[in-house]
1. Quick check: anything in the stretch 53-66 surrounded by 15 or more Cβ atoms within 10 Å (Cβ to Cβ), more than 16 Å from ligand 2 (Cβ to nearest atom), in a loop (DSSP other than H, G, I, E, B) and modelled with pLDDT under 70?
2. Quick check: anything in the stretch 306-314 closer than 14 Å to residue 227 by Cα and out of contact with any strand residue (DSSP E or B) (no Cβ under 8 Å at 6 or more places or on another chain)?
3. Quick check: anything in the stretch 298-312 at pLDDT below 95 and touching a helix residue (DSSP H, G or I) at 6+ places or on another chain (Cβ under 9 Å)?
4. Could you please let me know if residue 163 is modelled with pLDDT of 95 or more, in contact with a strand residue (DSSP E or B) (Cβ under 9 Å, 6 or more places away or on another chain), within 21 Å of residue 269 (Cβ to Cβ) and within 15 Å of ligand 1 (Cβ to nearest atom)?
5. Quick check on my filter: what residues within the stretch 180-209 are touching a residue at least 40 places away in the same chain (Cβ under 8 Å), within 16 Å of ligand 1 (Cβ to nearest atom) and more than 14 Å from the chain's Cα centre (by Cα)?
6. Inside the stretch 148-163, can you point out the residues that are surrounded by 23 or more Cβ atoms within 10 Å (Cβ to Cβ), on the phi < 0 side of the Ramachandran plot and assigned to a loop (DSSP other than H, G, I, E, B)?
Ligand SMILES: Nc1nc2c(c(=O)[nH]1)N[C@H]1C(S)=C(S)[C@@H](COP(=O)(O)O)O[C@H]1N2
Ligand SMILES: [Mo]
């Protein structure tokens, strides 16, 4: 869920309520309703966006600890060839017909692991979606259960409104015990990336590629934040350690000028668009800590893919209001100055 957007919508609605009568604070129930409305609206917008991409142009990108050490990309016809597994199960996200069993046809994640992953090293696999939603599954469950990337439902392509064209599904009907481990939130819509373990850190800026060792030479900054996106971070504040955007730019030989801004791109498709709301203006970057986080917690552990790592954008709560709700970009790949 795009919590930041929902929060923005909810606060807008609170503001409207306040105009009408400011003493009447909305009840928790009312807030829930608004949150749900905002969430539904958001899903609608995303589904509309995803619809512009034809199913036949959809690709599945495989990264992380791959056998070749490189990115593997499967195009639609390759995916169709690999989609040999049928799973009969209820659809966890079918609210209208929760007991209806469908036949999903798709690609066994186990077969992807066997074909592309460095088996001994990979402990978990992270699935990244078009809308930056992500889920992570333990390797043993992927090897023991027929969890598939479905591309058809009852013999038909899966519409965007039902999670297609690639929908991560679990064999709930065949193996009911798996439902306890992986609830309906784990059924990921519009999957675009499969990541074995965690990738090596790398940020591109212009013609430079910076690795973790390069970033580690820069002054290290720690901020303490409640992580602003909905992956499985602790719900309390956590320490995030990393480097300031402006230092990263100067390491790449770039001095940011007033009126310029920095666009931070991340792996999920929605971070690829150069939209204004995802650009950080010069004065903000000067004023407060906007960092590329590379480690977290008191032990300064690397940030795993399950938390959006190895590099995620983090914004200090001391930043001005307009960027505090700036969406924290997961799986940061590059910086562009505009
Ligand atoms: N790509 C993607 N998949 C997703 C989500 C999402 O926001 N994006 N939401 C998850 C959650 S939290 C639930 S409960 C179910 C249903 O989400 P919906 O209520 O937004 O349809 O889908 C899951 N899969
Ligand atoms: Mo949910």
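The values are calculated or read from the model by the stated rules, or taken from the named source; none is laboratory data. Owing to the predicted nature of the structure, the values given are computational and were not obtained by experimental measurement. Every residue, glycine as well, gets a Cβ built from its backbone with ideal geometry; the counts of neighbours run over all protein chains shown.
1. Yes; the residues of the stretch 53-66 include at least one that is surrounded by 15 or more Cβ atoms within 10 Å (Cβ to Cβ), more than 16 Å from ligand 2 (Cβ to nearest atom), in a loop (DSSP other than H, G, I, E, B) and modelled with pLDDT under 70.
2. no
3. So far as the stretch 298-312 goes, no, none of its residues is at pLDDT below 95 and touching a helix residue (DSSP H, G or I) at 6+ places or on another chain (Cβ under 9 Å).
4. So residue 163 fits the description; yes.
5. Across the stretch 180-209, the qualifying residues are 181, 182, 183, 184.
6. 158
So that you can scan it fast, the table gives a plain yes or no per residue for (1) within 16 Å of ligand 2 (Cβ to nearest atom); (2) on the phi < 0 side of the Ramachandran plot; (3) modelled with pLDDT under 95; (4) not in a strand (DSSP E or B):
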position	(1), (2), (3), (4)
128	no, yes, no, no
131	yes, yes, yes, yes
135	yes, yes, no, no
175	no, yes, no, yes
188	yes, yes, no, yes
192	no, yes, no, no
195	no, yes, no, no
209	no, yes, no, no
